[in-house]
Amino acid sequence: MFEIQNLHVNISEVDKKIIDGINLKINPGEVHAIMGPNGSGKSTLSYTLSGKDGYQVINGDIKLDDESILELEADERAAKGIFLAFQYPIEIPGVGNLSFMRTALNSQRKYNGNSELNPAEFLKVLKEKANNLNIDMEMLKRPLNVGFSGGEKKRNEILQMALLEPRFCVLDETDSGLDVDAMKQVSNGVNSLRSDNRSFLIITHYQRLLNYIKPDFVHIMAKGKIIKTAGPELAIEVEEHGYTHLLT
Amino acid sequence: MSEIKLEAKEGIDQDTVESVKLLGEKYKYGFSTDIDMDYAPKGLSEEIVKLISEKNSEPIWMLNWRLEAYRRWIKMSEPNWPMLRYKNIDYNEQYYYAKPKSLKKRPKSLSEVEPALLETYAKLGIPLKEQEFLAGVVGSKDGEDRKENNSPKVAVDAVFDSVSVGTTFKEELEKLGIIFCSISEAIRSHPDLVKKYIGTVVPRTDNYFATLNSAVFSDGSFVYIPEGVRCPMELSTYFRINAENTGQFERTLIIADKGSYVSYLEGCTAPMRDTNQLHAAVVELVVLDDANIKYSTVQNWYPGDENGKGGIYNFVTKRADCRGKNSKVMWTQIETGSAVTWKYPSCILRGENSQGEFYSVAIANNYQQADTGTKMIHLGKGTRSRIVSKGISAGKAQNTYRGLVNIHPKASNSRNFTQCDSLLIGNKCGAHTVPYIENKNNSSRTEHEATTSKIDDDQLFYCLQRGINEEDAVALIINGFCKDVLQALPMEFALEAQKLVAISLEGSVG
Ligand SMILES: Nc1ncnc2c1ncn2[C@@H]1O[C@H](COP(=O)(O)OP(=O)(O)OP(=O)(O)O)[C@@H](O)[C@H]1O
Ligand SMILES: [Mg+2]
């Protein structure tokens, strides 16, 4: 179970409070969606959960299975199963996509006391998952995200998610910039990962994604707070009427 | 209030101190070997030059060659143009010759070899059979281990302080007419070749350190590849400075005759000592028509401790003379060690359509200083050169790229491409790029690109978020930064170099 309790977050660089008291409880197997206007703090929340430096928790707690993860470094949180699909995936020149993914997988396996996969074993696992997402080997041989199209970057994020098999997945606008077919592939990828012991927090601006990935709850976030929570019908309401009437 | 602040600051400093300390301990080759040494008396004089020549049983022409260099050297002064700061070197406080005593009479088996010497080889990662051979065991055959397990063959020449202690795979190479031996042996057994080429690429008058080397060089490697022969294995020299206060002055001469090919690798290590040690080497490459030399260096001399105490002063003159048409030279260097590095492997592109390439990774951490780069002198028509330099600075280190591209009026239709990237880790280090470009021919072109960047927090976080720890993440990003250069290394050494890059920067981030 993943729990956010009365969370307040400052961005240290500007000493500005961005998250202003958020409570959220996500049970295993559940899918939660967060919608909200630009600049309301959705990405800030995702960075805070995954432990990025500079996002200072000034109040409240984040718990995985009733244990606080605030003291854990980002890489430890990742190894414990917290995954973030980035809104803007980062390019790392000279680092092969394949070897990056193998390093990531083996680092997590090592942290959790499992044996590391050799290149052949790894390739077998990866090929299968890449096939499902319609990602060809050519893309895996290129440097990580360098020169990838927007859609390719997003699919590459989902591929990493499928490979690392996290327990708690945060998807930050993974649907933005995807064409219709890519959206279906990504949604299928996410749906095939849905299981009783894995939960999702999906940040999106568009109701359409939620037609493919059915959420259990939809939250509206504004100015660092969750101002409304309901079922999937809330996303349709937002699509039709926008946020203005909710904000007043 | 002020007290709390102070504490926080101390906390940070303590962290830095700890991580830097950790780094200091990471110098894997920093052991010294206790071996009974045979020294020449301290200091430099004509007598010492004579003694070195005599110890090597050299012919008289060689002695005279040295003496002329010595007489010239005493009138010269150290260059002061590099961006380097170091204590004055007292040339009379150095030993110029040291030789392990046990080499005098050949041992009959490994058990008779000074164990410390074997240990040194083992620590350097030299296979057992080759250790036996290098230690001069009577009747030992080299290289069998490697043949059996099918790993790539590498012929090794090891230079321990002042003397070469043995060369492996010699017989196999001899069948092809390849000569690979110590330079002292070459002076005795192939005097005509040595006489014809030595000092023709780097003249004795070239510069202060090269002239010093010409006077006192004690050993080094010699390679001759005959016409049309492709050397079937990597040739490799391990240099090691062991004795205290001993300068190392090795001299390497490689001749690639028409249409031949050779790939050569040198590796260097030295023990941790808190006094500075001097290393002034000269490397000369002669490349004839259609010949090709690949020269790779993994330089990991002791860099000094975290406070900048000790470490090797590395003053090296390396030059290739592409005399023949279509000849080609490729310098690749991974420079991670030494307190001070002064080194500009160069190419004289004399032959028509000759090519020179320079790939370099220079890492400076703590108090290390590196002033390194290359010179591409285009003299012939249609000559091409390519420079890829990656400088990484961390701690309080200073890293300077200094490159000269000179296109002579007669070098029509020539090309140069230079790419010069610097990466800074932390904010107390520096990177400097000093390109000199002179193009005196209208039909020729030069291109220069330079970038300076820092390790990007977002890249680092991306790696962490995937479960990769900070140290591995930094290594990953840096290896990515160096990729173009690491790829230029012979495969067998690329992995080792990659690890070395990671080790030499451990603890420098965070
Ligand atoms: N490093 C920073 N320095 C200053 N302000 C920041 C920083 N990071 C975020 N902010 C501010 O915090 C607020 C929340 O940003 P955040 O990226 O979390 O919004 P978001 O809800 O993800 O928006 P979008 O829908 O556009 O992606 C914005 O006003 C943004 O300008
Ligand atoms: Mg956002």
Legend entry - Residues of the stretch B:419-445 satisfying the condition of being touching a Phe, Trp or Tyr at 6+ places or on another chain (Cβ under 9 Å) and open to solvent by less than 50 Å² (accessible area, probe 1.4 Å): B:CYS420, B:ASP421, B:SER422, B:LEU423, B:ALA431, B:VAL434
Inset, instruction - May I ask you to list pairs of residues, at least six apart or on different chains, whose Cβ atoms are under 8 Å apart, with the first in the stretch A:109-131 being free of Cβ contacts under 8 Å to residues at least 60 places away in the same chain and the second being open to solvent by 70 Å² or more (accessible area, probe 1.4 Å) and acidic (Asp, Glu)? - result: A:ARG109/A:GLU116; A:LYS110/A:GLU116; A:ALA130/A:ASP136
Legend entry - Whichever residue in the stretch A:85-99 is touching a Pro at 6+ places or on another chain (Cβ under 9 Å) and within 17 Å of B:PHE461 (Cβ to Cβ) and, among such residues, is nearest to the other protein chains (Cβ to nearest Cβ): A:VAL95
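Any chance you could count how many residues in the stretch A:102-131 are among the hydrophobic types (A, V, I, L, M, F, W, C) and either in a loop (DSSP other than H, G, I, E, B) or open to solvent by less than 50 Å² (accessible area, probe 1.4 Å) (or both)? Let's see the steps before the verdict.
Filtering the stretch A:102-131 down to residues among the hydrophobic types (A, V, I, L, M, F, W, C) leaves A:104-105, A:117, A:120, A:122-123, A:125-126, A:130.
Now drop any that are not either in a loop (DSSP other than H, G, I, E, B) or open to solvent by less than 50 Å² (accessible area, probe 1.4 Å) (or both), which leaves A:104-105, A:117, A:122, A:126, A:130.
Residues meeting the conditions: 6.
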Legend entry - Checklist (1) open to solvent by 10 Å² or more (accessible area, probe 1.4 Å); (2) at pLDDT 95 or above; (3) not in a strand (DSSP E or B) applied to B:TYR462, failing item: (1)
Inset, instruction - Determine if the stretch B:479-496 includes at least one residue that is in a helix (DSSP H, G or I), at the interface with chain A (Cβ under 9 Å from one of its Cβ atoms) and more than 24 Å from the chain's Cα centre (by Cα). - result: no
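Taking the residues in the stretch B:465-475 that are facing chain A (nearest Cβ under 9 Å) and open to solvent by 30 Å² or more (accessible area, probe 1.4 Å) as candidates, determine which candidate is nearest to the chain's Cα centre (by Cα). Even if it seems obvious, please write down each step before you answer.
From the stretch B:465-475, those facing chain A (nearest Cβ under 9 Å) are B:465-470, B:472-473; that's our starting set.
The next check asks that each one be open to solvent by 30 Å² or more (accessible area, probe 1.4 Å); those that pass are B:469-470, B:472.
Numbers: B:ASN469: 32, B:GLU470: 30, B:ASP472: 27 Å.
Checking each candidate, the answer is B:ASP472.
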Inset, instruction - Only residues in the stretch A:30-51 that are within 14 Å of another protein chain (Cβ to nearest Cβ) and modelled with pLDDT of 95 or more count as the first member; pair them with residues that are more than 12 Å from ligand 2 (Cβ to nearest atom) and in a loop (DSSP other than H, G, I, E, B), Cβ under 7 angstrom, at least 6 apart or cross-chain, and list the lot. - result: A:GLY51/A:LEU72; A:GLY51/A:GLU73
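Specify the residue that is farthest from ligand 2 (Cβ to nearest atom); the eligible residues are those in the stretch A:200-248 that are among the β-branched types (Val, Ile, Thr) and within 23 Å of A:TYR55 (Cα to Cα). Walk me through it before giving the result.
Narrowing the stretch A:200-248 to residues among the β-branched types (Val, Ile, Thr): A:202-204, A:213, A:218, A:220, A:226-227, A:229, A:236, A:238, A:244, A:248.
Keeping just the survivors that are within 23 Å of A:TYR55 (Cα to Cα) gives A:202-204, A:220, A:226-227.
Numbers: A:ILE202: 13, A:ILE203: 7, A:THR204: 10, A:ILE220: 15, A:ILE226: 16, A:ILE227: 17 Å.
Going through the qualifying residues, I end up with A:ILE227.
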Legend entry - Cβ-Cβ under 6 Å pairs, at least 6 apart or on other chains, the stretch A:199-213 side within 20 Å of A:ILE26 (Cβ to Cβ), far side within 16 Å of ligand 1 (Cβ to nearest atom) and hydrophobic (A, V, I, L, M, F, W, C): A:LEU201/A:VAL170; A:ILE202/A:ALA33; A:ILE202/A:LEU171; A:ILE203/A:ILE34; A:LEU210/A:ALA33; A:LEU210/A:ALA235
Inset, instruction - Identify the single condition in (1) away from every other protein chain (no Cβ under 14 Å); (2) more than 16 Å from ligand 2 (Cβ to nearest atom); (3) open to solvent by 10 Å² or more (accessible area, probe 1.4 Å) that A:LYS141 does not satisfy, given that it satisfies every other one. - result: (1)
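Might you let me know whether the stretch A:16-26 holds any residue that is polar (S, T, N, Q), at pLDDT 95 or above and either out of contact with any helix residue (DSSP H, G or I) (no Cβ under 7 Å at 6 or more places or on another chain) or away from ligand 2 (no atom under 16 Å from the Cβ) (or both)? Give the steps one after another, and end with the answer.
Taking the stretch A:16-26 as the starting set, the residues that turn out to be polar (S, T, N, Q) are A:23.
Okay, now just the ones that are also at pLDDT 95 or above, so A:23.
Imposing the further condition that a residue be either out of contact with any helix residue (DSSP H, G or I) (no Cβ under 7 Å at 6 or more places or on another chain) or away from ligand 2 (no atom under 16 Å from the Cβ) (or both) reduces the set to A:23.
Yes, because at least one residue in the stretch A:16-26 is polar (S, T, N, Q), at pLDDT 95 or above and either out of contact with any helix residue (DSSP H, G or I) (no Cβ under 7 Å at 6 or more places or on another chain) or away from ligand 2 (no atom under 16 Å from the Cβ) (or both).
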Inset, instruction - Considering every residue within the stretch A:218-240, establish whether at least one is more than 14 Å from chain B (Cβ to nearest Cβ), more than 16 Å from ligand 1 (Cβ to nearest atom), touching a strand residue (DSSP E or B) at 6+ places or on another chain (Cβ under 9 Å) and open to solvent by less than 10 Å² (accessible area, probe 1.4 Å). - result: yes
Inset, instruction - Taking only the stretch A:5-33 into account, find how many residues are within 9 Å of ligand 1 (Cβ to nearest atom) and among the β-branched types (Val, Ile, Thr). - result: 4
Legend entry - Single residue of B:ASN314, B:ASN307 found to be polar (S, T, N, Q) and surrounded by fewer than 23 Cβ atoms within 10 Å (Cβ to Cβ): B:ASN307
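Could you check the stretch A:1-101 for strands (runs of 3 or more DSSP E) lying wholly inside it with 2 or more residues that are in contact with a Ser or Thr (Cβ under 7 Å, 6 or more places away or on another chain) and open to solvent by less than 10 Å² (accessible area, probe 1.4 Å)? Talk me through it step by step, then tell me what you get.
Values: elements: A:2-11, A:16-26, A:31-35, A:55-64, A:82-85.
So the answer is A:2-11, A:16-26, A:31-35, A:82-85.
The values are calculated or read from the model by the stated rules, or taken from the named source; none is laboratory data. As the structure is a computational prediction, the values presented were derived from the model and not from experiment. Every residue, glycine as well, gets a Cβ built from its backbone with ideal geometry; the counts of neighbours run over all protein chains shown. SASA here: full protein model, heavy atoms, side chains in, ligands and nucleic acids out. Shrake-Rupley method; radii C 1.70, N 1.55, O 1.52, S 1.80 Å.
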